[in-house]
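Below is one structure, written out as structure tokens, with a few remarks after it.
No lab work stands behind these numbers, since they all come straight from the coordinates. The structure presented is a predicted model; accordingly, all values stated were derived computationally and were not measured. Don't worry about glycine lacking a Cβ; one is built from the backbone with ideal geometry, like all the others, and counts go over all protein chains shown.
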């Protein structure tokens with residue numbers, strides 16, 4: 001699962017999110033104790049979307065980040081894009097589902113012109129793409145000069161007294177919840193998600209990748225004992 005590479009990995013991830021779409025929001029709330037909504041609000045705070053601005057939310061899933069953007073900036077134009085159509089079908093049926101535009105898209109090949117958006121956000125995208133530099137370059141390409149890129153993703157547990165307990169949570173608690181809540185469709189998915197977290201870049205490594213791609217003024221903040229991070233930066237003017 002987490003060891004898969006290239007197109008095989010991309011196909012697995014796409015199919016996985018389609019299968020768990022109906023229980024995805026509930027699982028997020030249970031796994032994080034409801035803290036995931038606070039992180040998404042922080043993402044939109046860092047996006048600094050201007051009044052009447054245009055935002056692209058990649059790996060939008062069921063639209064949580066996109067909905068937060070519309071809540072805080074009601075006159076904004078928000079496009080939620082994902083290659084998991086199943087996730088977006090669930091999001092579109094939610095009460096806020098008609099407030100944003102939904103688009104099936106691959107984060108490595110965005111179907112937009114250069115310099116289109118005031119901000120590009122993503123939640124749990126970068127950990128799952130097969131080419132991180134490519135998606136960063138694409139996000140910068142579609143950003144307007146001075147526009148902001150904001151990334152929410154998980155991080156490997158850093159050394160600490162609670163690290164062994166976090167490891168147990170990732171290895172046993174989350175897969176067990178997945179089986180109970182998402183059924184047979186969730187069994188492998190909620191083994192993949194924790195293992196991909198542990199195999200992902202540290203926050204400092206992601207900073208380096210962002211800077212190498214050309215993102216300016218990169219900063220980040222961690223949450224939940226360092227296992228979640230929000231990174232943000234700007235496109236050069």
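Against the numbered list (1) surrounded by 15 or more Cβ atoms within 10 Å (Cβ to Cβ); (2) out of contact with any helix residue (DSSP H, G or I) (no Cβ under 8 Å at 6 or more places or on another chain); (3) more than 19 Å from residue 154 (Cα to Cα), residue 134 comes up short only at (1). Among helices (runs of 4 or more DSSP H) entirely within the stretch 128-237, having at least 1 residues that are in contact with a strand residue (DSSP E or B) (Cβ under 8 Å, 6 or more places away or on another chain) singles out 132-142, 189-198, 203-213. Considering only residues in the stretch 74-87 that are in contact (Cβ under 8 Å) with a residue 12 or more places away in the chain and more than 17 Å from residue 149 (Cα to Cα), the one that is surrounded by the most Cβ atoms within 10 Å (Cβ to Cβ) turns out to be 87.
Against the definition (within 24 Å of residue 220 (Cβ to Cβ) and either surrounded by fewer than 23 Cβ atoms within 10 Å (Cβ to Cβ) or touching a helix residue (DSSP H, G or I) at 6+ places or on another chain (Cβ under 7 Å) (or both)), how does residue 90 come out, yes or no?
Details: within 24 Å of residue 220 (Cβ to Cβ): no; either surrounded by fewer than 23 Cβ atoms within 10 Å (Cβ to Cβ) or touching a helix residue (DSSP H, G or I) at 6+ places or on another chain (Cβ under 7 Å) (or both): yes.
When the stated conditions are applied, residue 90 does not pass them.
Residues in the stretch 57-73 that are closer than 16 Å to residue 91 by Cβ, more than 12 Å from the chain's Cα centre (by Cα) and crowded, with 19+ Cβ neighbours inside 10 Å: 67, 68, 69, 70. Can you find even one residue in the stretch 26-40 that is under 19 Å from residue 111 (Cβ atoms) and touching a residue at least 40 places away in the same chain (Cβ under 8 Å)? No, there is no match, as no residue in the stretch 26-40 is under 19 Å from residue 111 (Cβ atoms) and touching a residue at least 40 places away in the same chain (Cβ under 8 Å).
In the list 49, 56, which residue meets the criterion of being under 22 Å from residue 132 (Cα atoms) and touching a helix residue (DSSP H, G or I) at 6+ places or on another chain (Cβ under 7 Å)? Show your work before the answer.
Values: 49 fails: under 22 Å from residue 132 (Cα atoms).
Exactly one residue qualifies, and that residue is 56.
Pull up the stretch 42-56, narrow it to residues that are without any contact (Cβ under 8 Å) to a residue 40 or more places away in the chain and assigned to a loop (DSSP other than H, G, I, E, B), then point me to the one that is surrounded by the most Cβ atoms within 10 Å (Cβ to Cβ). That would be 52.
If I go through the stretch 96-127 residue by residue, how many of them are within 15 Å of the chain's Cα centre (by Cα) and either loosely packed, with under 15 Cβ neighbours inside 10 Å or part of a loop (DSSP other than H, G, I, E, B) (or both)? Qualifying residue count for the region: 5.
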